[in-house]
Amino acid sequence: MRLPENFLTNMKQLMGAEYEAWLKSYEAPPFQGLRINQTRLDCDAWERMGLFTDRRVPWTENGYYCMDDSRPSKDPYYYAGLYYLQEPSAMAPAALLPIAPGDCVLDLCAAPGGKSTELGAKLGGTGLLVSNDISNSRARALLKNLELFGIANICVTSETPEKLADTFGAFFDKILVDAPCSGEGMFRKDPELIRSWMEHGPEYYAPIQREILTQAVRMLKPGGMLLYSTCTFAREEDEDTIQWLLSREPDMELVPIPLWEGACAGVDKSPVLRLFPHRIDGEGHFAALLRKKENAAGMPHGTATFSGRNPDAAKIRQLEQESDFREWEALLSCPLDRSRIMIKEDAVYYLPGIFNRSWNLRYLRTGLLLGEWKKKRFEPSQAAAMACAADRFAHCFSMCHGDERVIRYLKGETIFPAEGEHPARGWNLICVDGYPLGWAKYTGSSFKNKYYPGWRWQ
C-alpha cells in the first residue's frame, strides 16, 4: 500500500517513537467483525451456535472478530437480523454512549446504520431513535439496516443538521456524531479512501465537523451527553475540533473515557480516546464524550406524546371496514394503540410513543411501517415481520437453520410444508430457528411467498 508522503510526514510527527510500529501495521490484513443484535439473542446463545467468530472484541460487550474463512453475509441468520457486520474499532462509539431506557437519542450522521442499530437495540423498544443522514440514498441503506434489526421506535430523516436543530431545539438526551472525516484511520481497510484523502483532506472536513457539532449542541438537553467520533488520525479533526467546541460552548464539558488495553488518551493527554492499528486489533478511531451542564440554557420542545383524538381516526375506521387489517391484527399478541396509527396515502404506520406530528421534516420513515392498504386488503410489511418476535404472532412457521427451504424462501420461491407439519391458513410469520424472516400466506397446500423482493438472497 502506497501512502501519501505528506500523510506519512504528519503521522511521523504524531506518532513519535511509535511511528515504525504504526507503519508496520499496514503490512497486516484488516480485521473483520460482527456485532450481535441483543434484542434477538444474548452472547451465550450466540457462542453456543459456534458460527463465524472466534473471540470477542474487548471494548464492546456484544462484538466479535470474524474468522478469516467465514462468510457471515451469506447466512440465513444475517437475513434474520441476528448480527451486523462492522469493523471492530467502529463498534466503540455506540458502546461508549450510555443509553438509558426511555432516552430520546439522535444519530446525526447515521448511514449506513452500524451505530444506529446498536443504539436502537440499547433502547429496547423504549424512547425514540432519530437516525439522520443528509444523503437520501445513504439514508435508504440506513433504513434497511434498522428495519432488518427490528427497530420500530425510529424516525429516519434526511435533513441538514441546522434544519433538525430548528425543529427539535434542546430535545435529545443522547446524541452521536460520527462525523464525516478524511478517513485516515481506514486506509488499511479501504485503500480507495487514499484517493479521496488526496482530494479532500483534514482541512476540508474540519469546518464541516465544527458546523455539525454546533447544531448538535443546540439539540442536546441540559444534562445530556454527546459522543463525537471520527475514523481519522488528524489532530485538526479530532482534539483541535473538540477544543474549538469547548471554547465556543461554555456549557459543554468533557467526560473522561476509561481506557482499555491498547487504547490511548489524546495527543495532548486530554481525556479522549484514540485507537491505533499497531496497538489493537482494529483500525484507527477517535472518540470524545461530552456533557451539557445541568444549568445550561435552553428548554426542550416538541416532546408531545399522543393523547386525545387521532386525526386519522376516520381513515382507520375505513381501513378496518374495507380490509383484513383486523384479522391480521388479531394474530398479534396485543392490540395496537389506535392513537399511534397514522395512514398516509396507502401506507399504515405505527408511530413512536414520543412523537409530534408537527415536526416538519423530510422523513424516510416515521415509526414502524405496518403495511399497505391495497385494493381493500391489508398487506403487512417486511419491517413489521422483523419487528415481530415469534412468540408475539399466533401463526408462525419456523424452519431449522440447515433446512434448504430457508434459502428458497429468501430467494422468493414457493415453499411447502413437510410431512407432519400443519401450518395455519392465512398469514404466517416465517422464521429460522424461531427468528423472523418475513411473511407468507398459507393456502392449504403451499406458502405464497411474501418476502420483500428488495431484500432477496442474491
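The values are calculated or read from the model by the stated rules, or taken from the named source; none is laboratory data. Just so we're clear, the structure is a prediction, and the values are computed from it rather than from any experiment. All Cβ positions, glycine included, derive from the backbone under ideal geometry; neighbour counts span all protein chains shown. Accessible surface areas use protein heavy atoms only, side chains included; no ligands, DNA or RNA. Shrake-Rupley method; radii C 1.70, N 1.55, O 1.52, S 1.80 Å.
Structure notes:
- Answer residue from region 232-253, given it is out of contact with any helix residue (DSSP H, G or I) (no Cβ under 7 Å at 6 or more places or on another chain) and not in a helix (DSSP H, G or I) and is most open to solvent (accessible area, probe 1.4 Å) among those: PRO250
- Residue count for region 257-301 under the criterion of being in contact with a helix residue (DSSP H, G or I) (Cβ under 8 Å, 6 or more places away or on another chain), over 20 Å from PRO30 (Cα atoms), charged (D, E, K, R) and part of a loop (DSSP other than H, G, I, E, B): the result is 1.
- Of the helices (runs of 4 or more DSSP H) lying entirely inside region 113-206, those containing at least 1 residues that are free of Cβ contacts under 8 Å to residues at least 24 places away in the same chain are 136-148, 161-168, 192-199.
- For region 121-153, a residue qualifies if it is under 16 Å from ASP178 (Cβ atoms) and of a type outside the set (Gly, Ala, Ser), and the qualifying residues are LYS122, LEU129, VAL130, ASN132, ASP133, ILE134, ARG138, LEU142, ASN145, LEU146.
- Within region 438-458, restricting attention to residues that are out of contact with any helix residue (DSSP H, G or I) (no Cβ under 6 Å at 6 or more places or on another chain) and within 18 Å of LEU332 (Cβ to Cβ), the residue that is surrounded by the fewest Cβ atoms within 10 Å (Cβ to Cβ) is LYS441.
- Some residue of region 74-96 being open to solvent by 50 Å² or more (accessible area, probe 1.4 Å), charged (D, E, K, R) and free of Cβ contacts under 8 Å to residues at least 12 places away in the same chain: yes
Yes/no per residue for (1) closer than 22 Å to ARG195 by Cβ; (2) polar (S, T, N, Q):
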| position | (1), (2) |
| --- | --- |
| MET11 | yes, no |
| GLY16 | no, no |
| LEU23 | yes, no |
| TYR26 | yes, no |
| ASN37 | no, yes |
| LEU41 | no, no |
| ASP44 | no, no |
| GLU47 | no, no |
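- Within region 106-129, the set of residues being more than 10 Å from the chain's Cα centre (by Cα), under 22 Å from SER229 (Cβ atoms) and not basic (Lys, Arg) comprises LEU106, LEU108, CYS109, LEU123, GLY127, LEU128.
- Counting the residues of region 33-76 that are over 22 Å from GLY120 (Cβ atoms), in contact with a helix residue (DSSP H, G or I) (Cβ under 8 Å, 6 or more places away or on another chain) and part of a loop (DSSP other than H, G, I, E, B) gives 1.
- Any hit, region 132-141, residues being modelled with pLDDT of 95 or more, touching a strand residue (DSSP E or B) at 6+ places or on another chain (Cβ under 7 Å) and closer than 21 Å to LYS221 by Cα: yes
- Selection count where residues are surrounded by 24 or more Cβ atoms within 10 Å (Cβ to Cβ) and either part of a loop (DSSP other than H, G, I, E, B) or in contact with a Cys (Cβ under 9 Å, 6 or more places away or on another chain) (or both), scope region 214-223: 1
- Residues that are closer than 21 Å to ARG40 by Cβ and open to solvent by 30 Å² or more (accessible area, probe 1.4 Å), drawn from region 413-433: ASP433
- Unmet requirement for GLY102, which otherwise passes all of (1) within 29 Å of PRO277 (Cβ to Cβ); (2) open to solvent by 10 Å² or more (accessible area, probe 1.4 Å): (1)
- When residues of region 181-213 are limited to those that are touching a helix residue (DSSP H, G or I) at 6+ places or on another chain (Cβ under 7 Å), within 27 Å of GLN32 (Cβ to Cβ) and hydrophobic (A, V, I, L, M, F, W, C), the one least open to solvent (accessible area, probe 1.4 Å): PHE187
- Evaluation of ASP337 against (1) surrounded by 12 or more Cβ atoms within 10 Å (Cβ to Cβ); (2) in contact with a helix residue (DSSP H, G or I) (Cβ under 7 Å, 6 or more places away or on another chain) (one fails), failing number: (2)
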